[in-house]
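Enquirer: Sharing a structure below in structure tokens format, with a few things to ask.
The values are calculated or read from the model by the stated rules, or taken from the named source; none is laboratory data. Note that the coordinates shown come from a computational prediction; the quantities given were computed from them, not determined experimentally. Because the Cβ atoms are built from the backbone with ideal geometry, glycine has one as well, and the counts that use them run over all protein chains shown. SASA here: full protein model, heavy atoms, side chains in, ligands and nucleic acids out. Shrake-Rupley method; radii C 1.70, N 1.55, O 1.52, S 1.80 Å.
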Number of protein chains: 2
Amino acid sequence: MVSRVVFGRGSFNQLDDILSLKRKGRNAPFIFYVDDVFKGNHWLTSRITLSYKDKIIYVPTKEEPSTGQIDQLVEDIILEYSELPSGIIGIGGGTVLDIAKAVSLMLTNKGESKDYQGWDLIKHAAIYHVGIPTISGTGAEVSRTTILTGPVRKLGINSDYTPFDQVILDPELTKDVPKDQWFYTGMDCFVHCVESLTGTYLNAFSESYGEKAFELCKEIFLGDSLSVEEAQDKLMMASWHGGMSIAYSQVGVAHAMSYGLGYLLGVKHGIGNCIVFDHLEAFYPEGVAIFKEMKAKHNIEIPSGICADLDQSQFDIMIDVALSLEPLWENAIGKNWKTIITRQKLLELYKKM
Amino acid sequence: MVSRVVFGRGSFNQLDDILSLKRKGRNAPFIFYVDDVFKGNHWLTSRITLSYKDKIIYVPTKEEPSTGQIDQLVEDIILEYSELPSGIIGIGGGTVLDIAKAVSLMLTNKGESKDYQGWDLIKHAAIYHVGIPTISGTGAEVSRTTILTGPVRKLGINSDYTPFDQVILDPELTKDVPKDQWFYTGMDCFVHCVESLTGTYLNAFSESYGEKAFELCKEIFLGDSLSVEEAQDKLMMASWHGGMSIAYSQVGVAHAMSYGLGYLLGVKHGIGNCIVFDHLEAFYPEGVAIFKEMKAKHNIEIPSGICADLDQSQFDIMIDVALSLEPLWENAIGKNWKTIITRQKLLELYKKM
């Protein structure tokens, strides 16, 4: 779990104080990975103080992180500096947070990041790493995974060393998120809750977190009583609780199929979840009904026809990726999932998208 | 925050595996502080494996921990062993968990524990420490404090180093808690929620945790739909969330006055909270009404007349202790609390108890 958290509007201003206690020396820099949407955004970047050899690296987030990208970022650091960094700080959405987590792990674990995709393969503690979300919903700020697209699969590096040592939850940082993006990423959280709460892996720990996040999502996306700031504050907490819920259970059908879309077509995770979830009435009747209500209330158009021009071999790739995520299916359907989930069923679903 | 948590019925069986990774050598023992209610309880104690110089120390819990007791326990360890322990494990209620936290801190911080009562006075990281609650409600398993009765005050050692490195939440361990104790300690959690949710320090972080714990308490103590096991599971989560809620806000009137009772009369915290809270309609009208409903539903008699024979100097001691807890009053009443809370008002309240 995350060891330390500060919460509150303006808490981003505490970053300097927090990091100053962790500096290991002038040759051990802090590396800041920042979503490139903030390039030239003085309001945010002026509050990042660079000392000695510290460096901001702006990260394009049109594509989700890949194992090759992580290995390159790690190599860049090793070639440029004589010592390991004092810390890795991710400031952005799920992509940037996952990059920060993966780089901090791969600086202390030998080999290529693709070799660590899976569960509990990491052997050594990561470099000190800090996560600062600037959009709410992914749960990446609290999770024990970092999802990477590798040569053969899209799968996380899941380990006890993956979670951030420090998280700063400053809802003000989400104020300029475009509406569509706000919805798609918020729905990532909503889908986490539905998949966790209806899953066979559910326990009282996950349930209590999932229920709270579910309630917050309904208040935020269906209610009318919250101020803009209250909605920002609460969505940041919903993301947190939703992430905690799946950390102790598992996600399900929407995530498995969304990973297929992501792997083949590069569809980003939030919107991919929405595209898939919209067609999952058979698996999550109540959740999908609420989702459709939220979508209508906020006039959100979910892209359609993205699979229209695919051929059978491409569908097969997506189906292979989705089916390889066995724990997700087992959570969603039960131990006998293989008798229920057929390639034909997934093909029919993908064809609708 | 707590770094690692496992949850689930029977998860206590994982203790050996968890500790084996943390052993520093044959001269660095694990010290297990265990509530002496478990002395001779083979069901629990047979699952604690002692190797090398490991030791179980049974702790009487009639009284709450004092600074003198902590200093003695620390001295005992230093005199008996040539190396610092590999870890300190607390297995019990709030008293035992607080002892484990305090001892682990004082093994690495010089001087007497009374010198660290307050906020952020601890300078060095504690010895690795593990908390395993056997009763639910105190929030001690998740909090960043360890409440000690010192020579001049009852006050916690509040620090970033106080929280456990590892918590095991096994609801099965609470199965033999007597009914009265179950209620008093559960109400500690309920009071945490009320004090946090109505306080001026409230923020979206604390609110989301406090609301969840509040809902769980109502389900457990007013509902009729839960099985015995479900109620145990959920109360353990309520305690956790209630503790998280106050960790990021503060407690209030009931805790301030209960500390007075505890300091002068040795009234234990859970029951002390109930005695006080029962008279706090003026401060927490909704919360106290629900409390009275819960009390009636479970046929719980709250002790009365405990202050009947006290003289003015004794009341003054309790009032001094209560009033010294300034952050609690500021949270409950606001920055102008001193104009509202008079010694006379507290005297009248204490006289009712």
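Enquirer: Heavy-atom accessible area per residue, the stretch B:91-173, 1.4 Å probe: how many Å²?
Expert: Accessible surface, normalised per residue, equals 27 Å².
Enquirer: Something else about it: As I understand it, the value is the acute angle between the Cα axis of helix A:285-297 and the longest principal axis of the Cα atoms of chain A; what does it come to in degrees, rounded to 10?
Expert: Tilt of helix A:285-297: around 70 degrees.
Enquirer: Shielding of A:203-214 by partners, i.e. mean partner chain Cβ atoms within 10 Å per residue?
Expert: 6
Enquirer: Here's something else I'd like to know. Under unit Cβ charges (Lys, Arg +1; Asp, Glu -1), what dipole magnitude, rounded to 20 debye, does the stretch A:4-174 have relative to its Cα centre?
Expert: Approximately 220 debye in magnitude.
Enquirer: Using the per-residue mean of other Cβ atoms lying within 10 Å as a proxy for protection, in what order, highest first, do the peptides A:101-107, B:127-133, B:343-349 fall?
Expert: Result, highest mean Cβ count within 10 Å first: A:101-107, B:127-133, B:343-349.
Enquirer: While we're looking at this one, here's another question. For the protein assembly as shown, rounded, prolate or oblate, judged on the Cα gyration tensor with a ≥ b ≥ c (square roots of eigenvalues), a/c < 1.5 rounded, else prolate if a/b > b/c?
Expert: Because a/c hits 1.5 or more and a/b exceeds b/c, the protein assembly as shown counts as prolate.
Enquirer: Rounded to the nearest 10 degrees, what's the angle between the helix B:94-106 long axis and the longest principal axis of chain B, both from Cα atoms, 0 to 90?
Expert: 60 degrees
Enquirer: Partner chain Cβ atoms within 10 Å, averaged over the residues of A:4-14 - can you pull that number for me?
Expert: Whole-number average of other-chain Cβ neighbours for A:4-14 is 2.
Enquirer: To the nearest 20 Debye, how big is the dipole of the stretch B:179-351 about its Cα centre, given +1 on the beta carbon of each Lys and Arg and -1 on that of each Asp and Glu?
Expert: Rounded to the nearest 20 debye, it is 280 debye.
Enquirer: Also: Net charge around residue A:171, counting only other residues with Cβ within less than 10 Å of its Cβ (Lys, Arg = +1; Asp, Glu = -1)?
Expert: -2
Enquirer: With an 8 Å cut-off on Cα pairs and a minimum separation of 6 or more residues, tell me the relative contact order of the stretch A:42-159 in percent.
Expert: Relative contact order, the stretch A:42-159: 28 percent.
Enquirer: Sticking with this one: Need one word for the stretch A:155-210: rounded, prolate or oblate. Basis is the Cα gyration tensor (sqrt eigenvalues a ≥ b ≥ c); a/c below 1.5 gives rounded, then a/b vs b/c decides.
Expert: oblate
Enquirer: In the neighborhood of residue A:261, defined by Cβ-to-Cβ distances under 10 Å, what is the net charge if each Lys or Arg adds +1 and each Asp or Glu adds -1?
Expert: Net of charged neighbours comes to +2.
Enquirer: Hey, if you put +1 on the Cβ of every Lys and Arg and -1 on every Asp and Glu Cβ in the stretch B:179-351, which of B:349, B:266, B:227 ends up farthest toward the positive end of that dipole?
Expert: B:349
Enquirer: Using a 1.4 Å probe, how large is the accessible area of residue A:309, given in Å² and rounded to the nearest 10?
Expert: Residue A:309 exposes around 140 Å² with every protein chain in place.
Enquirer: Given a 10 angstrom Cα cut-off, can you work out which residue in A:38, A:30, A:291 is the most mobile in a GNM of chain A?
Expert: In this elastic network of chain A, the residue with the biggest mean-square fluctuation among A:38, A:30, A:291 is A:38.
Enquirer: Counting only protein heavy atoms and using a 1.4 Å probe, what share of the accessible area of the stretch A:4-174 belongs to carbon plus sulfur, as a whole percent?
Expert: Carbon plus sulfur share of accessible area: 50 percent.
Enquirer: Moving to a separate point now. Would you mind computing, in nm to one decimal, how far apart the modelled labels at residue B:200 and residue A:22 are, each placed 7 Å from Cα along Cα→Cβ?
Expert: Result: 3.4 nm between the two label points.
Enquirer: At 1.4 Å probe size, with the rest of the protein present, what percent of the exposed accessible area of the stretch B:179-351 is carbon and sulfur atoms?
Expert: Percent of accessible area from carbon and sulfur atoms in the stretch B:179-351: 51.
Enquirer: In the P(r) worked out for the stretch B:4-174, what percent of Cα pairs fall beyond 19 Å?
Expert: The share of Cα pairs beyond 19 Å in the stretch B:4-174 comes to 51 percent.
Enquirer: Would you kindly calculate the translational diffusion coefficient of chain B, applying Stokes-Einstein with the Kirkwood radius from alpha carbon pairs, for 20 °C and a viscosity of 1.002 mPa s, and quote it in µm² s⁻¹ without decimals?
Expert: Once the numbers are plugged in, D ends up at 105 µm²/s.
Enquirer: Now for a different question. Would you mind classifying the stretch B:238-353 by shape? Square roots of the alpha carbon gyration tensor eigenvalues, ordered a ≥ b ≥ c; an a/c under 1.5 is rounded, otherwise it is prolate if a/b is larger than b/c and oblate if not.
Expert: oblate
Enquirer: Taking the Cα centroid of the stretch B:35-109 and of the stretch B:262-314, what is the distance between the two, rounded to the nearest whole Å?
Expert: Their Cα centres are 30 Å away from one another.
Enquirer: For chain A, calculate the relative contact order in percent as a whole number, restricting contacts to Cα pairs under 8 Å that are 6 or more residues apart.
Expert: Relative contact order of chain A: 15 percent.
Enquirer: Same structure again: Out of residues 5 or more away from residue A:66 or on other chains, whose amide H comes under 5 Å of its own, with H placed 1.01 Å from N in the peptide plane?
Expert: It is A:149, by chain and number.
Enquirer: In addition: Sum up the charges of everything whose Cβ sits under 11 Å from the Cβ of residue A:41, counting Lys and Arg as +1 and Asp and Glu as -1, but leave residue A:41 out.
Expert: Taking every other residue near residue A:41 into account, the sum is -1.
Enquirer: Report, in listed order, any pair from A:114/A:351; A:39/A:175; B:154/B:295 with a Cα-Cα distance greater than 20 Å.
Expert: Beyond 20 Å: A:114/A:351; B:154/B:295.
Enquirer: Calculate log10 I(q)/I(0) of the stretch A:47-96 for q = 0.23, 0.30 Å⁻¹, where I(q) comes from the Debye formula with a single equal point scatterer on each Cα and nothing for solvent.
Expert: Treating every Cα as an identical point scatterer, log10 I(q)/I(0) equals -1.07, -1.37.
Enquirer: Taking each residue in A:231-244, count the Cβ atoms of any other chain within 10 Å of its Cβ, then average. What number comes out?
Expert: 2
Enquirer: Percent relative contact order of the stretch B:179-351, based on C-alpha pairs within less than 8 angstrom and at least six residues apart?
Expert: 29 percent
Enquirer: Using only Cα atoms and rounding to the nearest 10 degrees, what angle (0 to 90) does helix A:228-247 make with the longest principal axis of chain A?
Expert: Result, in degrees: 80.
Enquirer: Sticking with this one: Could you report the stretch B:179-351's accessible area per residue, 1.4 Å probe, as an integer in Å²?
Expert: That works out to 37 Å² per residue.
Enquirer: Hey, another quick one. Once ligands and nucleic acids are excluded and a 1.4 Å probe is used, how much of residue A:351 is accessible, expressed in Å² to the nearest 10?
Expert: Here the residue's solvent-accessible area equals roughly 120 Å².
Enquirer: Please calculate the 1.4 Å probe accessible area of residue A:4, with all protein chains present, and give it to the nearest 10 Å².
Expert: 70 Å²
Enquirer: Moving on to the next point. If you take the accessible area of A alone, add that of B alone, and subtract the area of the pair, what total do you get in Å², probe 1.4 Å, to the nearest 100?
Expert: Chains A and B together bury approximately 2200 Å².
Enquirer: State to the nearest 20 debye the size of the charge dipole of chain B about its Cα centre, where the only charges are +1 on K and R beta carbons and -1 on D and E beta carbons.
Expert: It comes to approximately 440 debye.
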